[in-house]
Amino acid sequence: MLLAAAALMWGGSFFLIKIGLTDLPPATVAWLRLVFGAAALSLLPASRRPLRHRGDWRLVAVLGLVWMAVPFLLFPIAQQTIPSSLAGMINGAAPLFTALIAVAWYRTSPDRRLVAGLAVGFAGVVTVNLPALEAHATLGGVTLILAATVMYGVAFNLAEPLESRNGALAVIWRAELVAVAVLTPAGLHGLLSSTPSAASMAAMVALGALSTGVAFAFFTVLIGRVGASRASVTIYLIPVVAILFGAGLADEPVAPMSLVGTALVLLGAYLASGSRRRRRRPTTTEPEPAAGRPL
């Protein structure tokens, strides 16, 4: 139930963004989800624990930019021109970029499983985007989602040692607070100049409190019960949920080729992240999120 709930909340975030964009500008959508998300996490004692290393505050601030502020802004901007289901499919490549950046970051030699995963995943990303790239109007949106997904790869490698030292929720909550501060001027201006409906505001509350707050707590508890490797299955369900929401509730078209590409992305992500899970050993007894995290 924890796994299904986390996958549902994270996969449904793309659909909630789509609803919010009907009345709110992209910067306000990103800002509100962080405001409600940080508020939800602040209710958990584990989130409010102090950082064990004061020097980590600078890295947490950087994490707030590359994991929260910038990608959360890029997604709603992109979803003005591309379907939410396509955004979810591309986001499924986050574990691939995480593994690729880890190889460059830590200067390790990739094993065969990792190389195979990256190759299959790259083929999948290309296949997912081929139908969309036929329409030039969506090229910019696809590029923004890819940029956000690459930033996730950087953020997840940066977050791993921070969370090992300080605890997952403590780092996530502070990173969200940094992102809130960065986006407040643009987000508040957009809110004051908009006329949001009850539906769009309800979507923002759900996007923030659930997808950006409760889902992280559920995922952390899940890892503590079943381990990071088994819990990471949640990540591979996110594109599936995004497709179901987009096609089922928003009547968005889904090209068969994109579905094939999504399957390749998930297979590649499983192979690539699986090799990293075998190589690394936990440095703390506190449960931490796996490397390939979601939106």
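The values are calculated or read from the model by the stated rules, or taken from the named source; none is laboratory data. Computed from a predicted model, the values in this text were never measured in an experiment. Methodologically, a virtual Cβ is constructed for each residue, glycine included, from the backbone with ideal geometry; neighbour enumeration extends over all protein chains shown.
None of ALA159, ALA148, ALA186 is part of a helix (DSSP H, G or I), within 27 Å of SER258 (Cβ to Cβ) and out of contact with any His (no Cβ under 8 Å at 6 or more places or on another chain) except ALA148.
Taken as a whole, the condition of being of a type in the set (Ser, Thr, Tyr), under 19 Å from PHE72 (Cβ atoms), in contact (Cβ under 8 Å) with a residue 12 or more places away in the chain and crowded, with 24+ Cβ neighbours inside 10 Å applies to THR212. Part of a loop (DSSP other than H, G, I, E, B) and modelled with pLDDT of 75 or more: is that true of GLU288 in this structure? No; evaluated as a whole, the condition is false for this residue. When region 201-245 is filtered for residues that are at pLDDT 95 or above and either farther than 24 Å from ALA93 by Cα or not in a helix (DSSP H, G or I) (or both), the ones remaining, listed by number, are MET201, ALA202, ALA203, MET204, VAL205, ALA206, ALA209. Selection over region 57-90 of residues that are small (Gly, Ala, Ser) and either under 29 Å from LEU130 (Cβ atoms) or not in a helix (DSSP H, G or I) (or both) gives a count of 5.
Within region 27-56, being in a helix (DSSP H, G or I) and without any contact (Cβ under 8 Å) to a residue 60 or more places away in the chain holds for one residue alone: PRO45.
Among the residues of region 91-110, those identified as loosely packed, with under 15 Cβ neighbours inside 10 Å and not in a helix (DSSP H, G or I) are ARG107, THR108, SER109. In the set (1) over 21 Å from the mean Cα position of the chain (by Cα); (2) of a type in the set (A, V, I, L, M, F, W, C); (3) over 22 Å from LEU244 (Cβ atoms), the condition left unmet by LEU130 is number (3).
When the residues of region 9-38 are filtered to those that are at pLDDT below 95 and among the aromatic types (Phe, Trp, Tyr), the one that is nearest to VAL214 (Cα to Cα) is TRP10.
Which residue is surrounded by the most Cβ atoms within 10 Å (Cβ to Cβ), if the candidates are limited to region 116-159 and must be modelled with pLDDT of 85 or more and of a type in the set (S, T, N, Q)? Within region 116-159, the match that is surrounded by the most Cβ atoms within 10 Å (Cβ to Cβ) is THR149. Among the residues making up region 17-44, none is surrounded by fewer than 16 Cβ atoms within 10 Å (Cβ to Cβ) and either acidic (Asp, Glu) or under 17 Å from ARG165 (Cα atoms) (or both). When you scan region 185-206, do you find a residue that is buried (at least 22 other Cβ atoms within 10 Å of the Cβ), under 19 Å from GLY11 (Cα atoms) and within 14 Å of the chain's Cα centre (by Cα), even just one? No, the conditions are met nowhere in region 185-206. The single condition among (1) modelled with pLDDT of 95 or more; (2) closer than 27 Å to GLY224 by Cα; (3) aromatic (Phe, Trp, Tyr) that PHE75 does not meet is (2).
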